[in-house]
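The values are calculated or read from the model by the stated rules, or taken from the named source; none is laboratory data. Here the structure is a predicted model, which is why all the values come from computation and not from measurement. Every residue, glycine as well, gets a Cβ built from its backbone with ideal geometry; the counts of neighbours run over all protein chains shown.
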Amino acid sequence: MTGINMGQMLLKAKEGQYAIGAFNIFNYISAKAAIKAAEDLNSFLILQTSVGTVKQIGASQLIEMLNILRSDTKVPVIVHLDHCKDVSLAKECIDKEWDSVMIDASEKSLIENIDTTLEVKCYAEKKNVTVEGELGVIRGVEEEIIVDEEKTTKYSEVVEYLNATGIDAIAPAVGTAHGLYKGAVSINYDLVKKISKNIDCPVVIHGGTGLEDDVFKRLIRNGATKINISTALKHAYIDACREYIQTNNEEYNPLKLDAYVESKIYEVVKKHIITFNSVDSVTR
Ligand code: 13P
């Protein structure tokens, strides 16, 4: 549908020293805002759908809505399923023509993770759908873990996992976490660099919300090619609703509220595309 798959897009990003923002959208407004920002900046875009969003909207309805929204865009827009632990849901999204899925069996042993990932990869490959896998658990900040090198993914396991599965993108645990960071983040940049330098498979960074611009830039310099942003969009959405209603408490035209919220999501996506250096990536 896009003419370029996610794996190819990420390899292009690696070559060009930029990263593609993968934004978790959750409804029509957030998807529309993200697409508009990518179009205005002539950037590749990955729209991610969480399992919760798929379940709330319904897989068929969601993909149909996103296909309509991206049908006449000037930039390639990939639709990717984020953090799916359920093999049958991943297969359902593959059947419904998501471009890409993430199978997250990171809580299992390495052998079981390989088996689960391989099952999804074999299924996806027949339908030209790309697969992202996770190795080492990327935690939520609420778990208050202190990340040290011991807790990040082991390079030798990355090699074993990728040789066995042949997936299209890898999300290793490098020290980032989902949600809002409470303190300083300690990132294993060497692991990102080592994977990126020695292995063709593109490196994905989860837990993008709240990282400083220089952290993003250093990650990209070390080879990160896909950076996931979710919490920032959710916060922008809810904060914008609250702000609009508080300052316009006599206004009952929902279209005005929607337009305001859309503009706030647009700003968040735009800011990240600029920081990730993916402006004009489509024609570079
Ligand atoms: P944040 O919610 O921290 O931005 O993380 C997003 C993510 O990694 C989704 O997979």
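Please enumerate the residues belonging to the stretch 227-249 that are among the hydrophobic types (A, V, I, L, M, F, W, C) and within 16 Å of the ligand (Cβ to nearest atom).
227, 229, 232, 233, 236, 238
Do we find that residue 138 is part of a loop (DSSP other than H, G, I, E, B) and within 27 Å of residue 180 (Cα to Cα) in this structure?
The answer is yes for residue 138.
Among the residues of the stretch 54-92, what is the count of those that are in a helix (DSSP H, G or I) and either farther than 19 Å from residue 120 by Cα or touching a residue at least 24 places away in the same chain (Cβ under 8 Å) (or both)? Quick ask: steps written out before the conclusion?
So in the stretch 54-92, the residues in a helix (DSSP H, G or I) come out as 54-57, 59-70, 87-92.
Pick out the ones that are also either farther than 19 Å from residue 120 by Cα or touching a residue at least 24 places away in the same chain (Cβ under 8 Å) (or both) and you get 54-57, 59-70, 87, 89-92.
Qualifying residue count, the stretch 54-92: 21.
Out of 150, 157, I need the residue that is modelled with pLDDT under 95 and part of a helix (DSSP H, G or I). Which one? Walk me through how you get there before you give the answer.
Numbers: 157 fails: modelled with pLDDT under 95.
It is 150.
Identify the residue in the stretch 217-237 that is of a type in the set (Val, Ile, Thr) and either assigned to a helix (DSSP H, G or I) or farther than 20 Å from residue 102 by Cβ (or both) and, among all such residues, is nearest to the chain's Cα centre (by Cα).
At the first step, the residues of the stretch 217-237 found to be of a type in the set (Val, Ile, Thr) are 220, 225, 227, 229, 231.
Restricting the remaining residues to those that are either assigned to a helix (DSSP H, G or I) or farther than 20 Å from residue 102 by Cβ (or both) gives 220, 231.
On the way: 220: 15, 231: 11 Å.
So the residue we want is 231.
How many residues are assigned to a helix (DSSP H, G or I) and either within 17 Å of residue 24 (Cα to Cα) or in contact with a strand residue (DSSP E or B) (Cβ under 6 Å, 6 or more places away or on another chain) (or both) when one looks only at the stretch 268-284?
Qualifying residue count for the region: 6.
Are any residues in the stretch 20-36 within 13 Å of the ligand (Cβ to nearest atom) and hydrophobic (A, V, I, L, M, F, W, C), and if so, which ones?
Across the stretch 20-36, the qualifying residues are 22, 23, 25, 26.
Checking residue 43 against (1) within 16 Å of the ligand (Cβ to nearest atom); (2) under 12 Å from residue 269 (Cβ atoms), which single condition isn't satisfied?
Failing condition for residue 43: (1).
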